[in-house]
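The values are calculated or read from the model by the stated rules, or taken from the named source; none is laboratory data. Please read all numbers here as calculations on a predicted model, not as lab measurements. Positions of Cβ are backbone-derived with ideal geometry, glycine not excepted, and every protein chain shown enters the neighbour counts. Ligands, DNA and RNA are excluded from the accessible area calculation, which covers all protein heavy atoms including side chains. Shrake-Rupley method; radii C 1.70, N 1.55, O 1.52, S 1.80 Å.
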Amino acid sequence: MTIAYKTGFLALALLGSTALAAQAADQEISWIYCGDKIDPIHEKYIKEWEAKNPGWKVTPEVVGWAQCQDKATTLAAAGTPVGMAYVGSRTLKEFAENELIVPVPMTEEEKKSYYPNIVDTVTFEGNQWGVPIAFSTKALYWNKDLFKQAGLDPETPPKTWADEIAFAKQIKEKTGIPGYGLPAKTFDNTMHQFMHWVYTNNGKVIDGDKIVIDSPEVLAALQAYKDITPYSVEGATAYEQNEIRAIFLDGKVGMMQAGSGAAARLKETKINWGIAPLPLGPSAKGEGTLLITDSLAIFKDTGVEEKAIEFAKFITSPGPQGEYELQGGAGLTPLRPSPKVDEFVKADASWKPLIDGIAYGGPEPLFKDYKGFQNTMIEMVQSVVTGKAEPADALKKAAADLEQYK
């Protein structure tokens, strides 16, 4: 009887240990999550997805912005990839070329759910290589009180580059305060800020595998940079866009390009401000902006690729994504049109210019060596704003240098 009891107990123990092992062996989707902490909205929907998918667990690892993408790359290159990582969409071509990620095919219905041109930010050689999770556009912000002090109509923002340069000049000459905030620091958003000018003049950097930056449209953008520099912040190479935003929030610059996060912060100040579409260059076809997306990339050889794609599409689907992106302070623009977005625009008109530029916007140019591309663009901008090179010469040099990175 004792033996039978022990045998039965052993069987139960083995059964229990097997159950525990099964529970412990839940298949895991590891996620490199950029930032300081997980957004509560994402935490909520991770739990919801796990509840609907027993036996699966999503384990985010929070990594600071400066290191997160490098960590994902290093792990994949070492043969120990994470299931999924938050990356800048600009890196997807490089990941794909090195066979580190898998395609994330979208149905036509999925593609049509986004605003125009957004799917292009994750598309290379006909495949989608990531699921957009964050999106930003820019609009023009102006300080109405500085306009008034300079003798400008405080309710009339510039509509063209010529207006913008003239207004910046008048503000600087009449008030002594910089009329425009031009960032040219050795920082990624120096390239981003210039691309907004490229896309408000119907320009391009690369078309397929052909470098097309040396064009009249891009030359005009670089010349406009040269022309507005004397009326911008002094020492532009010392500032990136968030530092320019801080100067604007202090009432010390007349105009700047910024996203929705600036509006959220301005509402907490006493500054009399306005927001409008980005001014247009002479070749513009309509309101434009650089379309910057971050995406969830699904890494190869993890054994959980299919389920990771399913989760990535769930966490970025209209319900969860709508809650995540319409928080204002995050600086995000909605990825998709929806009745909820319409409600936000109706309640807060500052969203409208950030959305209207999408139709004629363009994606971050995709290069195999994105950092090489980025550094070339920064060097080009810096050479012009510091007076070391004329726009035409700087553009020709950049066009030649970019050939090695495409």
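Structure data summary
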{"quantity": "Thr74/Glu403 FRET efficiency (R0 25 Å; Cβ-Cβ; nearest 0.05)", "calculated": "0.35"}
{"quantity": "Ser338 paired with Asp39, simple spin-label distance in nm, labels 7 Å along Cα-to-beta-carbon", "calculated": "1.1"}
{"quantity": "Options Ile177, Gln69, Trp56, ranked by Cα towards positive dipole end of the chain, top entry (Cβ charges)", "calculated": "Ile177"}
{"quantity": "Mean separation of Cα contacts under 8 Å (6+ apart) over length of the chain, as relative contact order %", "calculated": "25"}
{"quantity": "Electrostatic dipole magnitude of segment 30-110 [Cβ: Lys, Arg +1; Asp, Glu -1; Cα centre; debye, to 20]", "calculated": "280"}
{"quantity": "Using θ = phi - 60° and Karplus 6.51 cos²θ - 1.76 cosθ + 1.60, couplings along segment 26-38 (whole Hz; Gly, Pro as x)", "calculated": "3, 6, 10, 10, 7, 9, 7, 10, 7, x, 9, 7, 6"}
{"quantity": "Options Phe248, Leu326, Ala85, ranked by Cα towards positive dipole end of the chain, top entry (Cβ charges)", "calculated": "Phe248"}
{"quantity": "Prolate/oblate/rounded call for segment 226-287, Cα gyration tensor, a/c under 1.5 rounded", "calculated": "oblate"}
{"quantity": "Approximate spin-label separation Asp209-Ile247, in nm, with each point projected 7 Å along Cα-to-Cβ", "calculated": "4.2"}
{"quantity": "Whether segment 35-78 is rounded, prolate or oblate, judged on the alpha carbon gyration tensor where a/c under 1.5 counts as rounded", "calculated": "oblate"}
{"quantity": "Anchor Lys144: lysines whose Cα lies under 21 Å away (excluding residues fewer than 8 positions away in-chain)", "calculated": "Lys159, Lys169, Lys172, Lys174, Lys252, Lys267, Lys270, Lys352"}
{"quantity": "Residue of Thr186, Thr200, Thr229 that the Gaussian network model of the chain assigns the largest fluctuation, springs spanning Cα pairs under 10 Å", "calculated": "Thr186"}
{"quantity": "Net charge contributed by nearby residues that have their C-beta within less than 10 Å of Glu240 (K/R +1, D/E -1)", "calculated": "0"}
{"quantity": "Tensor-based shape of segment 256-389 (alpha-carbon gyration tensor, a/c under 1.5 rounded, otherwise prolate or oblate)", "calculated": "oblate"}
{"quantity": "Per residue accessible area in Å² of the chain, where ligands, DNA and RNA are left out and the probe is 1.4 Å", "calculated": "45"}
{"quantity": "Among Val341, Ile378, Trp351 the positive-end extreme of the charge dipole of segment 336-378 (Cβ point charges)", "calculated": "Ile378"}
{"quantity": "Degrees separating the helix 65-77 axis from the principal Cα axis of the chain, which is the longest one", "calculated": "50"}
{"quantity": "Å³ per residue enclosed by the Cα convex hull of segment 337-390", "calculated": "143"}
{"quantity": "Degrees separating the helix 370-385 axis from the principal Cα axis of the chain, which is the longest one", "calculated": "20"}
{"quantity": "Debye, to nearest 20: dipole size of segment 100-149, +1 on Lys, Arg Cβ, -1 on Asp, Glu Cβ", "calculated": "400"}
{"quantity": "Amide proton proximity set for Tyr239, modelled H, under 5 Å, gap of 5+", "calculated": "Ala184, Lys185"}
{"quantity": "Relative contact order (percent, whole number), segment 109-252, Cα cutoff 8 Å, 6+ residue spacing", "calculated": "24"}
{"quantity": "Within the chain: Cβ-based charge dipole about Cα centre, in debye rounded to nearest 20 (Lys, Arg +1; Asp, Glu -1)", "calculated": "680"}
{"quantity": "Mean separation of Cα contacts under 8 Å (6+ apart) over length of segment 69-144, as relative contact order %", "calculated": "28"}
{"quantity": "Cα-based reach from Lys340 at 15 Å (exclusive), listing aspartates and glutamates while leaving out same-chain residues under 8 positions away", "calculated": "Glu323, Glu325, Asp348"}
{"quantity": "Euclidean distance between Cα centres, segment 230-258 to segment 174-208, Å", "calculated": "12"}
